[in-house]
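A quick write-up on the structure given underneath.
Derivation of every value follows stated rules applied to the coordinates shown; laboratory data play no part. Only a predicted model underlies this, so the values are computations on that prediction, with no experimental measurement involved. All Cβ positions, even for glycine, are placed from backbone atoms using ideal geometry, and neighbour counts span all protein chains on display.
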Amino acid sequence: LQLQRIEVDLDREQFALNPSACGPLPFSADVTGDAGESATPSGSVTYTGCDSLPFAPKLRATLTGDNTPGGFPGMYVELTSPEGDSAIRSANATLPKGVSAALANVQNPCARELFDAGSCPETTRVGTATARVSITPEAIVGRIYLVRVPGKSLPGLGLSFTGRYAQRVVSTVQVDKDGRIVTNFAEIPDLPLRRLVIDVASGPKSRLQLPTRSCATGSGWDGTLT
């Protein structure tokens, strides 16, 4: 058929959800003709009202498992965002003072190209991640891997979600001037994220270690969400 124009109108209420970023945001298509020719039309769209969206996320975090002096704890981090809030673009969490990287357990992270391909070896898996978004009632479950980050001495945490809502997000991990570990997710997809749980396992192969003395009095977690 010599089609000249096709229009698709999605008019079901609450079927589609706008992004919380105003843009301009690009869109594109791949079109192939009967004779094999291809075209890639593209454009952009700009939304309004992004600056009026509320933004009140909350962060809850704790060390889990082996919390004895010199022990190898895990960590449980829960990020929540109210319905209707602007999406979270970036997040970082600074661990309590005294918690360090167990260097013997971070020597063989997954290569970035293997992580992007969903092929990290099981030996690099350190925990699980669970997310909930507004557009589906089901929990989105993923795995957490240690991933090599170019230019960084410590591996980052890679969140790998598969299935209907496949996403892969990698953080950087570094030590600040006060000796505290900072995990930073700089680019989070613009999704209506309502809850994200990061659960890193405790045990002898944990990537975290406590000092042989007790942790500093009054030391806690710090977070910055954008």
>> Relative contact order of the stretch 11-115, please, whole-number percent, based on alpha carbon pairs below 8 angstrom and at least 6 residues apart.
In response: 20 percent
> Over what distance in Å are the Cα centres of the stretch 22-41 and the stretch 128-169 separated?
Replying inline: 29 Å
> Using 0.36 nm per residue, how much length does the chain from T80 to T68 gain when fully extended, once their Cα-Cα distance is taken away?
Replying inline: 1.4 nm
> Evaluated at 4 °C with a viscosity of 1.567 mPa s, what Stokes-Einstein diffusion coefficient in µm²/s does the stretch 147-226 have when Rh comes from the Kirkwood expression over alpha-carbon pairs?
Replying inline: 85 µm²/s
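Looking at the stretch 45-88 from every direction and averaging, what is the projected area of its Cα convex hull in nm²?
Working: hull surface 19.8 nm².
For the Cα atoms of the stretch 45-88, the hull's average projected area reads 4.9 nm².
Would you calculate the convex hull of the Cα atoms in the chain and tell me its volume per residue in Å³?
On the way: hull volume 39.7 nm³, N = 226.
Convex hull of Cα atoms, per residue: 176 Å³.
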>> Using only DSSP helix segments of four residues or longer, with each worth -39500 (n - 2.57), what per-residue ellipticity at 222 nm results for the chain after dividing by its residue count and rounding to 500?
In response: -500 deg cm²/dmol
>> Against the 2.2 N^0.38 Å scaling, with N counting residues, where does the stretch 1-134 land? I'd like the Cα-based Rg ratio to two decimal places.
In response: 1.63
> Rg and Dmax of the stretch 1-59, Cα atoms, in Å?
Replying inline: 17.5, 55
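Efficiency by 1/(1 + (r/R0)^6): what FRET value for A29 and Q167, r their Cβ-Cβ distance, R0 = 25 Å, to the nearest 0.05? Provide the component values of the computation, followed by the final result.
Details: r = 22 Å, r/R0 = 0.87.
In this case the efficiency is close to 0.70.
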> If r is the Cβ-Cβ distance from S100 to A56 and R0 is 25 Å, what FRET efficiency results, to the nearest 0.05?
Replying inline: 0.15
>> Just to verify a number: FRET efficiency for R125 and A39, C-beta to C-beta distance, R0 = 41 Å, to 0.05?
In response: 0.45
> Given H placed on each backbone N at 1.01 Å, which residues far from G223 in sequence or on other chains put an amide H within less than 5 Å of it?
Replying inline: T94
